[in-house]
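Participant: Quick one: the structure is below, questions incoming.
None of the figures in this text is laboratory data; all of them are computed from the coordinates on show. These numbers were taken from a predicted model, which means no experiment stands behind them. Cβ placement follows ideal geometry from the backbone for every residue including glycine, while neighbour counts extend to all protein chains displayed.
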Amino acid sequence: MKWNGRVQLTLGLVIMTFSVVCSAEESRSQAQPKLTPQQTALVEKASAQEKYVVKVVRQHAPLVQTYIQHMEPDPKLDRVPSSDLYMLGRVSFDRTFSDSLYNKNTPKKGMLSGSGRFLDRLSKEFSMQYSPNGFMGMMFVDTSEFDSQHYDFAYVKNEFLGDVRTMVFDVQPKAHLGMGRFIGRIWIEDEGGNIVRFTGTFSGGTRRSLYFHFDSWRGNVQQGIWLPTAVYVQDQDFRAQTFFWGYALKVPTTGSSDNESITVENAADNSDTSQDMSPLQAERHWSDQTERNVLDRLTQAGLLANPSDFDQVLETVTNNVIIGNKLNLASPIHCRVMLTSSLESVAIGNTIILSKGLIDVLPYEEDLAAVLSFQLAHIALGHEIDTRYAFNDRLLFPDESTLQRLAMNHTPEQNEEAARKGAELFRNSVYQDKLANVGLFLQQLTATEQRLPALLTPRVGDSLLNPSGQPWLADMMKGTPTLQVDNLQQIAALPLGSHLKIDPWSDTVVQVHVHAEAMVSPRDKMPFQVTPIYYRLAKYHPATATTPGTTTANVVTPASK
């Protein structure tokens, strides 16, 4: 049988391509120097430790939050977010991880127009299922076969990640092992053999585009235990940040309460039994009981951070407003941090709660004072929460129902009244001369409203925006400078992650301290944006009470001008 020229040419190209691939594989094998005995021993230790990490995570049910921004080109800012997606839930190995857990007030699809394919793909890839190409795969290098029988290791260098000394290896799966094998770079701390960071993707042959590229970090949450803490994903036209916390929480049981999972230590009896309560005292005591119950339930569900030193920072700013206005309040005001990235705030009884995401994006202390004034106004005006939660049995529901069952947001009428009162409180405080910065933040917020609805949708409390899309505190924008994108001296809002980091074991927050980088172009501003994650790692030291996996941070007030 004779072959025509086209068939001969095609066959020749196939043979040539096959030869090139084989030659590349052979060259790769020959180019990789053999590991030293010390390096081999560390890789073997890392293999054993990776199995241990999987075992530890299986014994817990940490919360996982993923926030995704779809990026598009911009002539001045290079790339800006055009739409977003938010998911919050728990890791589960024995059933599908539903991305609807903890959801509330999901943005309407119309607000994300133009992103159908993007959201459809992300919904499939971040389906929260424990499978080789699923989201949870980014927590681990390989759950069962990460060893020299299945992977090739090439030593790269020694490198410090913060205070932790590591050996860096490039990793590739051996041939013919199928899809879903990790390919990239790993950092192994050289004492315990724990993988503390790994970057790359999963192998997939011609379907490699199914897998995202990611940078996965771990923290030394307890002695000898390094667990997943954060993942940064960047691929094609989107970016995402994922954070894990709540490892110390009790594994939830579907259909039952988790109220028994929290132990209150050093509890003191502050009751006064020497006299009876007046009706007014009884009413206030009833409200206080409601406040305690709700705060405890939010903490048990892993949504509210445990008390930390940063609460005192918030309370100091709040007291500055109280003193300036000579407010006479029935009880002291307390402040707490919610661990979610959505921008929101709420007053529950005499406790003001601000989300981590909101605190992160506020550039100056006066911006913080404005938001706190808004919720302080709710308290001063007597906008109390539903006191039916004084009955503890009303809080006996599964964690995943928390956001549906605890409606803490105020009514639009209450928010309108609080906005007027809050602006008054701010103008009578020590921050009155810095109203211009607050106005710039609110202008940036307004400019972002259409593009980031998921970030601006509250999960527990009050939105920063009214139903028309304007800030509740719009009155503070009057007479303030116009937002100028090209003005490098004008910082209206910061990227996410600018102020706080989470201890994933104790569920507390600690303020980050970074060197201020000089801006050289408008693209350096990145308001409300997702950015790469970088941790300065440290070994766990229980006696020092520092944030596991990170450096010690001295608590100071948020960045001021």
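Participant: Step through the table entries K51/K539; K51/K174; K326/K501; K421/K501, compare each Cα-Cα distance with 27 Å, and write down the pairs that go over it. Write down the numbers at each step before the final one.
Facilitator: Details: K51/K539 20 Å; K51/K174 19 Å; K326/K501 34 Å; K421/K501 32 Å.
Beyond 27 Å between Cα atoms: K326/K501; K421/K501.
Participant: How much FRET efficiency would the formula 1/(1 + (r/R0)^6) give for Q450 and S521, where r is the Cβ-Cβ distance and R0 is 25 Å, rounded to 0.05?
Facilitator: The pair Q450/S521 has a calculated efficiency of 0.55.
Participant: Now, a different point. Could you tally the net charge around Q149, taking each other residue with its Cβ under 12 Å from the Cβ of Q149, Lys/Arg +1 and Asp/Glu -1?
Facilitator: -4
Participant: Under a cut-off of 20 Å between alpha-carbon atoms, report the aspartates and glutamates in cross-link reach of K55, not counting same-chain residues fewer than 8 places apart.
Facilitator: Here the aspartates and glutamates satisfying the reach criterion relative to K55 are E44, D94, D142, E145, D147, E189.
Participant: Where Lys and Arg each count +1 and Asp and Glu each count -1, what net charge lies around Q38 among other residues with Cβ under 13 Å from its Cβ?
Facilitator: Values: positive: K34, K45; negative: E44, D190, E191.
Neighbour charge sum, excluding Q38 itself: -1.
Participant: Between L396 and L77, with labels modelled 7 Å along Cα→Cβ, what's the label distance in nm to one decimal, could you check?
Facilitator: Computed distance between label sites L396 and L77 equals 5.0 nm.
Participant: Can you work out the Karplus-derived ³J(HN,Hα) for every residue in segment 237-246? Use 6.51 cos²θ - 1.76 cosθ + 1.60 with θ = phi - 60°, whole Hz, and x for glycine or proline.
Facilitator: Here the 3J(HN,Hα) series is 10, 8, 10, 8, 10, 10, 10, 10, 7, x Hz.
Participant: Taking amide H atoms as placed 1.01 Å from N in the peptide plane, list the residues 5 or more away in sequence, or in a different chain, whose amide H sits under 5 Å from that of F182.
Facilitator: So F182 has HN proximity to S203.
Participant: Taking amide H positions as placed 1.01 Å from N in the peptide plane, with prolines and chain starts having none, which residues 5 or more places from S355, or on another chain, fall under 5 Å of its amide H?
Facilitator: Long-range HN contacts for S355: M338, E344.
Participant: In what sequence, highest mean first, do 339-352, 442-455 appear when ranked by Cβ atoms within 10 angstrom?
Facilitator: Details: 339-352: 24.0, 442-455: 20.5.
So the peptides 339-352, 442-455, ranked by packing, come out 339-352, 442-455.
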